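What follows is a single structure, written as structure tokens, with notes after it.
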Amino acid sequence: MRHFLKTFSKKDYIFFLLCSIVYLVLLLQSYPISNDDFTYIFHQSTDLPINSLGELIDSNVWGYLNVNGRFLVHCFVQGCLNNYVVFYAGSTMLFFVLMLSLTYLIRKSTNKIHGDVVYIIAGITCFVPLMATLLYGTVAMTINYMWSAAIYTFFLSVYFHVKDDRTEYTSWQNIILLLFGLICGSWQESFCIGIAGALCIYHLINIRKLTLSLFCLLIGFGLGAAILVFAPGNFARLATEGSEWIGMHQ
């Protein structure tokens, strides 16, 4: 972690902080609640408003079994709709992490370019499609996509640090790496599947390059991806959509 933080200068941190403040201002202007968010206020099975942590977990256990595998991410979506302060704080923090991670990944693969952080923000602003929807729009879209982008770029930053720097951690640190990989792997399939597939192919070819710490990180990520992709809800959804498609074409 210290290696990661040393990548950035004081000017970088000030720039990221100012950008995060601007981001928060934009985020605060993105409401009233949308139709998409409105559906997440209610329990996925009973359609009653969620009023407790137990109901929140029960709603998403039902969703995992019957709708899709996004248990963790949808817990945060439904939880934040009952506490917007958490949403604002979490989104601003993760936007900060997204900028840090993108900068780290770029600087790790190329020599430092003067003004690179400005180019990153310009790229996010000008080239991300539907930016006002994906980055600071509805709670559901922001958590599903901006939070996910931050989480997966940070995961890749940790991965490249452990792999390229041949870092070996202690036993308890390896357990943290495994749990971190598990959370990232089980977070959101739109990002997870491609990353998991690429890492699997690469390390099957280069299996001798695995260190114990890297192995723990990858095993956690792989287990998380399996939990996400093979969720009963994914198969239930496919069966339902398949039946509807067949009915439309009979």
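If you go through segment 36-56 one residue at a time, do you hit one that is touching a residue at least 60 places away in the same chain (Cβ under 8 Å), over 30 Å from Phe15 (Cβ atoms) and surrounded by fewer than 17 Cβ atoms within 10 Å (Cβ to Cβ)?
Start the filter on segment 36-56 by keeping residues that are touching a residue at least 60 places away in the same chain (Cβ under 8 Å), which leaves 36-37, 40.
Keeping just the survivors that are over 30 Å from Phe15 (Cβ atoms) gives 36-37, 40.
From what's left, surrounded by fewer than 17 Cβ atoms within 10 Å (Cβ to Cβ): 36.
Scanning segment 36-56, I find at least one residue that is touching a residue at least 60 places away in the same chain (Cβ under 8 Å), over 30 Å from Phe15 (Cβ atoms) and surrounded by fewer than 17 Cβ atoms within 10 Å (Cβ to Cβ), so the answer is yes.
Please determine whether any residue of segment 11-26 is more than 30 Å from Arg237 (Cα to Cα) and among the charged types (D, E, K, R).
Residues of segment 11-26 that are more than 30 Å from Arg237 (Cα to Cα), as a first pass: 11-26.
With the extra rule that they be among the charged types (D, E, K, R), the set shrinks to 11-12.
Yes, that holds for at least one residue.
Do we have Leu228 as farther than 25 Å from Leu65 by Cβ and either modelled with pLDDT under 95 or not in a helix (DSSP H, G or I) (or both) here? Working first, answer last.
On the way: farther than 25 Å from Leu65 by Cβ: no; either modelled with pLDDT under 95 or not in a helix (DSSP H, G or I) (or both): yes.
The answer is no for Leu228.
I need a count of the residues in segment 182-232 that are free of Cβ contacts under 8 Å to residues at least 24 places away in the same chain and among the aromatic types (Phe, Trp, Tyr).
Residues meeting the conditions: 2.
Out of (1) under 13 Å from Thr142 (Cα atoms); (2) touching a residue at least 40 places away in the same chain (Cβ under 8 Å); (3) of a type outside the set (Gly, Ala, Ser), the odd one out for His74 is which?
Unmet condition: (2).
Quick check on my filter: what residues within segment 181-203 are surrounded by 11 or more Cβ atoms within 10 Å (Cβ to Cβ) and more than 30 Å from Met141 (Cα to Cα)? Quick ask: steps written out before the conclusion?
Let us first name the residues in segment 181-203 that are surrounded by 11 or more Cβ atoms within 10 Å (Cβ to Cβ), namely 181-197, 199-200, 202-203.
Hits for segment 181-203 are Tyr202, His203.
Can you name the condition, by its number, that Val117 falls short on among (1) of a type in the set (Val, Ile, Thr); (2) open to solvent by 30 Å² or more (accessible area, probe 1.4 Å); (3) touching a Phe, Trp or Tyr at 6+ places or on another chain (Cβ under 7 Å)?
Going through (1) of a type in the set (Val, Ile, Thr); (2) open to solvent by 30 Å² or more (accessible area, probe 1.4 Å); (3) touching a Phe, Trp or Tyr at 6+ places or on another chain (Cβ under 7 Å) one by one, Val117 breaks only (2).
Can you tell me which of (1) in contact (Cβ under 8 Å) with a residue 24 or more places away in the chain; (2) open to solvent by 20 Å² or more (accessible area, probe 1.4 Å); (3) closer than 27 Å to Pro232 by Cα is the one Leu94 doesn't meet?
(3)
Which residues, taken from segment 151-167, are open to solvent by 40 Å² or more (accessible area, probe 1.4 Å) and at pLDDT below 85?
Across segment 151-167, the qualifying residues are Asp164, Asp165, Arg166.
In segment 204-214, what residues are part of a helix (DSSP H, G or I), of a type outside the set (Val, Ile, Thr) and either under 15 Å from the mean Cα position of the chain (by Cα) or surrounded by fewer than 17 Cβ atoms within 10 Å (Cβ to Cβ) (or both)?
At the first step, the residues of segment 204-214 found to be part of a helix (DSSP H, G or I) are 204-205, 207-209, 212-214.
Among the residues that remain, those that are also of a type outside the set (Val, Ile, Thr) are: 204, 208-209, 212-214.
Hits for segment 204-214 are Leu204, Arg208, Lys209, Leu212.
Conditions: (1) closer than 27 Å to Tyr40 by Cα; (2) modelled with pLDDT of 85 or more; (3) open to solvent by 30 Å² or more (accessible area, probe 1.4 Å). Ser148 meets all but one. Number of the miss?
(3)
The values are calculated or read from the model by the stated rules, or taken from the named source; none is laboratory data. Every value quoted in this text rests on a predicted model; they were computed, and no experiment measured them. Note that we place each Cβ from the backbone using ideal geometry, even for glycine, and neighbour counts take in every protein chain shown. In case anyone asks, the SASA skips ligands and DNA or RNA and just uses the protein heavy atoms, side chains included. Shrake-Rupley method; radii C 1.70, N 1.55, O 1.52, S 1.80 Å.
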